[in-house]
1. Just report the Cα centroid separation between region C:27-63 and region C:281-326, whole Å.
2. Estimate for me the total accessible surface buried between chains B and A (protein heavy atoms, probe 1.4 Å, no ligands or nucleic acids), in Å² to the nearest 100.
3. When the accessible area of region C:58-220 is split by element with a 1.4 Å probe, what percent falls to carbon and sulfur?
4. Return a whole-number percent for the relative contact order of region A:152-250, with Cα pairs under 8 Å and 6 or more residues apart as the contact set.
5. Would you work out if region A:101-250 is rounded, prolate or oblate? Take a ≥ b ≥ c from the square roots of the eigenvalues of the alpha-carbon gyration tensor; rounded if a/c is under 1.5, else prolate when a/b is larger than b/c, oblate otherwise.
6. List every residue whose amide H lies under 5 Å from the amide H of A:His90, counting only residues 5 or more places away in sequence or on a different chain, with H placed 1.01 Å from N in the peptide plane.
7. So how do B:22-32, C:296-306, C:387-397 stack up, highest first, on mean other-Cβ count within 10 Å?
8. Could you provide, to the nearest whole Å², the per residue accessible area of region C:39-131 with probe 1.4 Å?
Amino acid sequence: MYFYLSILFSLMLASSAWAVDARTSTILSEVDDLWRGSSSHAIATLKVQTQHYSRTMTLESWSKGKEKSLTKVLKPLREKGTITLKSGNHIYTYLPKTDRTIRLSSGMMMGAWMGSHLTNDDLVKESRLEDDFDAKITFEGRRNGQNIIEFTLLPKEDAAVVWGKIVLEVEAERHLPIREVFYDEDMQVSRTFTFTGLKELAGKIRPSIMHIVPAYKPDEFTEFIFETLTLNVPIQDSFFNKSALKRHQR
Amino acid sequence: MKLNQLAFRNIFRRKRRTFITAFSVAFGVMLSVTFTGTGDYTYTNMIDTGAKMGMGHVTIEPLEYQNKPTLDKRLQKTNEILQQTRALDAIASAVPRIMGQAMFASANKNVGGAFIAINPELESANNNLFIKSLVEGKMFTSDSKRGIVVGSKLAKKLRLKLGKKLVYTTTDVHGEIISHIARVTGIFHAGVDAIDGNMVLMPLKSTQHALGYTADEVSLIAVLIHDQRQANLARDLIRTLPSVQGYAVLSWHETQPDLAGMIAMDKSMNYISQILVGLLIAAGIFNTMLMGVLERKHEFGMMMAVGLSPSTLFRLVMVECFWLALLGLMLGIIITAPWYYFLYHYGIDLSAGMGNDFTYGGVLIDPLFKARLFPESIMFILGSVFTLAMLAGAYPAWKAGRTPPIESLKTI
Amino acid sequence: MHILQLSLRNTGRNKQRTAVTVLSMAFACAIMILFSSMMAGMIQGSERQIVEMNIGDIQIHPQGYRDDPDIYKRITDTAHILKQLAQQGIKATPRLYAFGLMATHGTSSGAQIRGIDMQREQTVTKLHQHVAVGSWLDKTKPKAVVLGKKIAATLGVTIGDELIFVGQSADGFMANDIFYVQGILKAVSDGIDRSAVFIAEQTFRELMAIPSGTHEIVLRRPTPQTDLTQLTTQVQNLVPEYEVKNWKKLMPAIARLLETADIQSLIMMSITYIAVATIILNAMLMTVFERMHEFGIMKAIGVRPWQIVRLIYTETLIQTLLASTIALIVGWWVANYFSIHGIDMSAIMDGSVSMGGLAFDPIWYTYVTYESLFTPIVFLIVMAMLAVMYPAWKAAWIKPIDALHYR
């Protein structure tokens, strides 16, 4: 699910706002380019395992730029047709059962998205991470039998992030992401993302599985598995229109 | 003979009766003072506490804010309104505030709550209850960009300590969702979970910035006045200011209808109690006066026989009653003064007998039985006790006037 | 002559004086009975209103639920517990809670939905009587909701309006459905006013995918006299694995307020008693001193002081007993009347009011207890006996010659 991966990688965007050296900037933007076209279409499987339930969903998603994305549930039947639209700072949910579209309020932003370990806020924060962190390379060399580069991202003083820091490991050669760890303010691990399942997607080798484990519930996880990914597909802006949500309900 | 002289003579001749009657009246004064005084104290205390929790005695706010307090509604000429309001005599202080709902998150957890953005330079423990109940750290400065003072229970939920960061998410003036960071500079403990677990204080300037408000825009202006009873008057006065036209000006009765209702209810209970006590006092006076009249049948009979009219006798007893009541009031003031002084300055600590499970943390619940009288309450008490005494004396006086001259001569 | 006979004759001789003395004592005593019942009613009434409104006398929760209300923390054997409680004559009702978003026409608000067992709930609390507009939930309308006062204002909805709920069900799916506003409550408590949305238990279970278990069981004492602490222990023994707390522990601030009010009313009562004492003292002094003349004559014809004391005491006793009987009958009748009909104070106030976040009825019911009936009576008798001591002593030892001039 591109939509979600892009949340994480957008923070590596080679934007002029980065207060980093040229090499850091180049690698991070290269990693980001790996995932971000001007637009995209993907089909992914979402697996969620918690103490109380485990579930599997199939999702179809479209995105354009950083600001617009739309995700539709294909399976299971019970939630088929549920659509999440992200447009700028807003998240709308279309509920086929009620045939209504709801804009999530600020109070709901911290709620879990689709029962996963990600919050609605994680969706919105996507485009802002780049402004919120300072990145630098903190390790280069062999770790766990792989040549890696480790980036440490520290939140800027004014950044509205709860994390104390984020540590990202990428393959040294192909610049593919391996692991990303989020720390709280006391520098305790809060959640860990791991990227596996290298395969060819949209004409290039990319990790197809993203695995998220919350540190305080090590038995639980959320996993995204890419089935297909197409980049730079032509999509109209109007596709991401709130009023068009019903129309996507085919 | 003058009625006054005659009445005086009667009063002095029967010292015991006089003393007892006067004492009944005096007790009436004491009881009324206790009831009314604790009422006046408690209500003022509650109203002031309520006012200091955010809205003030009088609130200047956008129309409809009362029914639907959202952040897109705001006052626009804040400084002008503040200036004009502060120029009024009755006003103790007028402070600008922004109040809204927000989501607060730390890396551990997130909870919903509410914020009040204030200018710390304008607020003090005297007009802001949260500042008064600060238990850790200190207030942020008015220029603080990220300062925040949080409730003790909220701090616990989010596992926050002084200096730790917290992200708040809310909706700005355009309805956009915004998130900002803040660092805990202080923690307050008001003693009520609903407040300690929900509320935070934020610096006005940075909040205006975060919400997209101009420096001249706030949610409301909270006005505190010297005497809470003048709230409606102050409200009407403020309403005439040119700068508040197009905004709502409400007194605490309207912004806190629940509190107003509760006080109204307690007041009515107090009234009913006082009526009962008044009846008791009146019964006492009635009893003594009637006994006095019955006892003096002989005397009244004589007076009738020598040509005094029934109406003169009626007036005689009423004049006696008048002086008795007056004497009673004086005695009442003498015995009530030390009691009132005690209640005024010390009060009775109601928490003493409650054992250890009850700790009076915070400032919201006042465990003291204290009294505070408004000047007009004193006049009201004295007036009504006096009236009561005169009413209680009316029947005996009428009875005295009806003493049959011959028959009364026959009794001993 | 026999003392009793003599005193009866004395009492009967000056009917007017006896009547005034007896009636004023009876009046004072009756007022005290009413006042005590009113004070008891205020304390008891506040407690009952708090308890009846929503909280109940005792609540059972899964351990840790109150600190962290997680939908997965549930009481699993609800039916069994309810049955056991019923066997002990305790009325109880299960409740379910979940959080989510209520939305309508572009506005939305965080909400706490509360699944209610309509039948049982009515036997435990009086929430269903606190509807300000519309009506309470009913069985025939599974999609009906009743909202707290403030959340209804926030959403800007009225009766019949549509509401959409979105949340996360227990199986991780998105819980969502359309509901219709059936009723809006009066002020109940801050929490309920601000966020509560009541729905039928079955609807809740289907919406949130919770087929069994509950988050809370609320119960009421079988009778108001049942000792709360004892009952709490009893229930705790019944369900040792769950948290059992009575309302005083659940709402310590309110319990504290009430205790404060209790002591306050005690102070008020004591002062009022002093006023009553002066009336009794007054009456007794008057009836004896007025008759000093008469006692002087009795002394002159050779009646011994102790006989006079006994005479006066017997007379006093007759009068106080008479007064007590009248006071008891009148006081009881009036207090009882107001315990049924209540004193409606809504004339001075409007709508529902709330204290510490709790709504109160503007009707003041008296509460007739043994204490409120007999304390004033005992007080009356004791006070009269004490009050008459001095004049009796005076009368007994007075010199006949002084009595003739006594005023």
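1. Centre-to-centre (Cα) distance: 43 Å.
2. Chains B and A together bury roughly 1900 Å² of accessible area.
3. On region C:58-220, the fraction of accessible area on carbon and sulfur atoms equals 51 percent.
4. Relative contact order for region A:152-250 comes out at 15 percent.
5. Details: a/c = 1.78, a/b = 1.28, b/c = 1.40.
In terms of gyration-tensor shape, oblate.
6. Those lying under 5 Å, H to H, from A:His90: there are none.
7. Per-residue mean Cβ counts within 10 Å order the peptides as B:22-32, C:387-397, C:296-306.
8. Heavy-atom accessible area per residue stands at 38 Å².
The values are calculated or read from the model by the stated rules, or taken from the named source; none is laboratory data. Bear in mind that the values here come from a model prediction, so they are computed numbers and not experimental data. So basically every Cβ, Gly included, is an ideal-geometry build from the backbone, and we count neighbours across all protein chains shown. Side chains are part of the model used for accessible areas, which takes the heavy atoms of the whole protein and leaves out ligands, DNA and RNA. Shrake-Rupley method; radii C 1.70, N 1.55, O 1.52, S 1.80 Å.
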